[in-house]
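Right, I'll just put the structure down here and ask away after.
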Amino acid sequence: MRSLLLLLPVVLTCSACGEAEPRHVPLSEAGVTDPSLEAVATACVPGASVSCSSLASAWAGGTATCRPSGNGYNVTACTRAGNPARRLTETVRPALRDARWTDARCNLGDEFVLEVTFPPVPPGGALPTQWVLRLEGGGFCAFDSESPLGGCGNRGIDLVSSVNLPADRALRESAPASPDDFSGAIDVLGHYCSSDLWTGTALDAPDITYKGTRRDWRFTGAHNVEAMLAVLVERYGLDDNKALRVLWRGGSAGGFGAFNNTHRVVRHLPKAAKAGRLLVFPGAGYLPLDWNHPDYPVLGIGSGLEAFEELTSIWKSSLTPSCVAARTPGDPVHPPHECISGPVLYDIITAPVSEGGFDLPTLVWQNRQDQLYMSNAGLPYLSTTNTPAERAARTEWVQTMNRAMGVTGRNASSRMKWLYAPSDPVVLRANGSVEPNVHGAQLYSNDPPTGPTHSLNSVLSRFWNTMLNSAPGRGRATGEVHTFDCNWVPSRDATGCD
């Protein structure tokens, strides 16, 4: 779902819009075909100073000095624009800020957009060191068709273009957020318009017939994430030399994106990762690829592994380097493209550094009967008219999910340390109406079957406050598992259903 903030009018205008830093060659022109392998770039001359307003319109004044590493500017002396008692959001189109980010695009070729939201200025005016970095969701596509099974022709314009988003450097203000663990953080939202689960590098993908017109197409989600992180480091104060506290998250396609781009965040913020100040929260993106039912092929192609081989090839997916390096092309069981899978990446993200992992605390949200993903395999809604074979296939799906999560019983997992995983199906009623299940967290965010203390928001709060600054071994440290083996309808199940 698009942020409601996008519906608000632009209330401020940018300053110094025409002032820009020296432009650099984009990665693609420099021969870099995989952004995950690119070293953190030198962005400026150490010690050089520029006006803060040249970096971003969120800065009303002050001077910023290039950090000794040359990877960006120290913006401590920058003064924030707008009413200090309100939140301030700036729209950022990185491709218009620097030629190095020119490949950060949407499917239709217009610029990828992120939004940076600053909280009200705290007493003393210091820039917050807490950040929430979010990747938006919105499904995926790869094929020149209008089929719901991977066809690009039926996608909404906001999922393939940024035409309806504000201009670069546009500002708007909003009321302060309700106080919680993250209301004082700098919040960043990467808008999803690449249709590739945030993994693609295909600058010249096969053309797509969109809204009746044959269009040039591209899948550049990996470039978009790379540009998003780089611009935050260079111009907005995401400075790893400070004691940053970062929550890296996303939902649906953004959940896949969070899994598949954690290595990029670690590369930009190695000190935060090493100190236990980088936490990962992917939602609705934990999908095993070993589903292989002959009557229910994924996207009509075959097993999950076979389907994603075709998808990642079209997208030219840039996947976690350490994962890819440990696999052999053509291996029928563990090929490199399985590295797009959350169950594979979970082990890498949480494993100790000594085992080649990132040792990052990771809270996974996933409905085990998410009909969106079941429908990709053609599995029908749960109803009184299901045949025994259909019921058996649905049961097999849940068993596949349970194996991937190591779910061994109620609120128990042999594998995952922080897990929130209801098993809540879509139910097709006899009158033809649908009792929906969960893809996003919905009511589980605040009102789960066992009460608000076991809500996803409460678990997220405990995850954040328990695991932040924790000692090495944090990725596999004991946490909480909530499975909710039921179909939860509050108006019907007044006393819970678990």
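The values are calculated or read from the model by the stated rules, or taken from the named source; none is laboratory data. In this text, all values refer to a predicted model and were calculated from it rather than measured experimentally. Here the Cβ is made from the backbone with ideal geometry for all residues, glycine too, and neighbour counts use every protein chain on show. With ligands, DNA and RNA removed, areas are computed over all heavy atoms of the protein, side chains included. Shrake-Rupley method; radii C 1.70, N 1.55, O 1.52, S 1.80 Å.
What whole-number value in Å² describes the accessible area per residue of the chain for a 1.4 Å probe?
Details: 19140 Å² over 498 residues.
Ligands and nucleic acids excluded, the figure is 38 Å² per residue.
What FRET efficiency comes out for the pair LYS274/VAL45, r = Cβ-Cβ distance, R0 = 45 Å, nearest 0.05?
Values: r = 28 Å, r/R0 = 0.61.
Plugging the Cβ-Cβ distance into 1/(1 + (r/R0)^6) gives 0.95.
Given just the C-alpha atoms of the stretch 452-498, how large is their convex hull per residue in cubic angstrom? Show your work: numbers first, answer last.
Working: hull volume 3.7 nm³, N = 47.
Looking at the stretch 452-498, the number lands at 80 Å³ per residue.
What figure, in Å² to the nearest 10, do you get for the accessible area of ARG218 with a 1.4 Å probe and non-protein molecules left out?
Taking all protein chains as shown, ARG218 has close to 50 Å².
For the stretch 95-152, run through the GluC sites (Glu not before Pro) and keep only the ones in DSSP coil with at most 14 other Cβ atoms within 10 Å of their Cβ. Working shown, then result.
Working: sites: GLU111, GLU115, GLU136, GLU146; in loops: GLU136, GLU146.
Qualifying residues, ordered by number: GLU146.
At THR387 and LEU96, where each label point lies 7 Å from the Cα along Cα→Cβ, what is the point-to-point distance in nanometres?
5.5 nm
Tell me, what is the FRET efficiency for ASP347 and THR76 to the nearest 0.05, using R0 = 41 angstrom and their Cβ-Cβ distance as r? Provide the component values of the computation, followed by the final result.
Values: r = 38 Å, r/R0 = 0.94.
Efficiency for this residue pair is about 0.60.
Hey, which lysines would be in cross-link range of LYS274, C-alpha to C-alpha under 20 Å, not counting anything within fewer than 8 residues on its own chain?
Candidates past the 8-residue exclusion: LYS242, LYS417.
Still on this structure, I have one more. Which value in Å is the Kirkwood Rh of the stretch 129-181 over different Cα pairs?
Details: mean 1/r = 0.0678 Å⁻¹.
Result for the stretch 129-181, one decimal place: 14.8 Å.
When the dipole is taken about the Cα centre of the stretch 201-289, and only Lys, Arg (+1) and Asp, Glu (-1) are charged at their Cβ, what size is it in debye, to the nearest 20?
Numbers: 13 positive and 7 negative charges, 59 e Å.
Charge dipole of the stretch 201-289: 280 debye, to the nearest 20.
Tell me, what % of the accessible area of the stretch 372-423 is carbon and sulfur with a 1.4 angstrom probe? Intermediate results must be reported in sequence, preceding the final value.
Details: 1220 of 2290 Å².
Here it works out to 53 percent.
Between helix 456-467 and the chain, what is the angle of the helix's C-alpha long axis to the longest principal axis, kept within 0 to 90° and rounded to the nearest 10?
That helix lies at roughly 60 degrees to the long axis.
Give me the three principal axis extents of the stretch 141-231 from the C-alpha atoms, as integers in angstrom, largest value leading.
46, 26, 24
Where a ≥ b ≥ c are the square roots of the eigenvalues of the C-alpha gyration tensor, would you call the stretch 388-498 rounded, which needs a/c under 1.5, or, failing that, prolate if a/b is larger than b/c, or oblate? Please list the in-between numbers first.
Values: a/c = 2.81, a/b = 1.52, b/c = 1.85.
It is oblate, given that a/c is not under 1.5 and a/b is not larger than b/c.
Rounded to the nearest 10 Å², what accessible area does LEU159 show when all protein chains are kept and the probe is 1.4 Å?
My reading of the accessible area for LEU159 is about 40 Å².
Report, in debye and to the nearest 20, how large the dipole of the stretch 57-175 comes out about its Cα centre when Lys and Arg carry +1 and Asp and Glu carry -1 on their Cβ. It would help to have the intermediate numbers written out before the result.
On the way: 12 positive and 12 negative charges, 116 e Å.
I would put it at about 560 debye.
Further question on the same structure: In 10 Å bins starting at zero, report the fraction of Cα pairs in the stretch 284-416 per bin as a rounded %.
With a bin width of 10 Å, the distribution comes to 11, 39, 35, 13, 2, 0.
Would the chain count as rounded, prolate or oblate if I go by the C-alpha gyration tensor, calling it rounded below 1.5 in a/c and otherwise prolate when a/b exceeds b/c, oblate otherwise? Intermediate values should be presented prior to the final figure.
Values: a/c = 1.61, a/b = 1.41, b/c = 1.14.
The shape class here is prolate.
Further question on the same structure: Could you order THR209, THR466 by accessible surface area, starting with the largest, using a probe radius of 1.4 Å?
Numbers: THR209 50, THR466 80 Å².
Putting THR209, THR466 in descending order of accessible area: THR466, THR209.
Where does helix 388-405 land angle-wise versus the long Cα axis of the chain, in degrees 0 to 90, nearest 10?
Taking the Cα atoms of the chain, the angle to 388-405 is about 40 degrees.
Taking the Cα-to-Cβ direction at VAL434 and at ALA126 and moving 7 Å from each Cα, how far apart do the two end points lie in nm?
Spacing of the two 7 Å Cα→Cβ label points: 4.9 nm.
In debye to the nearest 20, how big a dipole does the chain give about its Cα centre with +1 on each Lys and Arg Cβ and -1 on each Asp and Glu Cβ? Each step should come with its number before you reach the end.
Working: 41 positive and 48 negative charges, 244 e Å.
Dipole size: approximately 1180 debye.
Now a separate question. Where does helix 304-315 land angle-wise versus the long Cα axis of the chain, in degrees 0 to 90, nearest 10?
30 degrees
Could you give the C-alpha radius of gyration of the stretch 185-317 expressed as a fraction of 2.2 N^0.38 Å, taking N as the number of residues it contains? Don't skip to the end; give the middle numbers.
Working: Rg = 17.1 Å, N = 133, 2.2 N^0.38 = 14.1 Å.
With N residues counted in the stretch 185-317, Rg over 2.2 N^0.38 Å equals 1.21.
Right, another one. Just grab the label-to-label distance for LEU203 and SER147, each label 7 Å out from Cα along the Cβ direction, in nm (one decimal).
For LEU203 paired with SER147, the spin-label model returns 3.1 nm.
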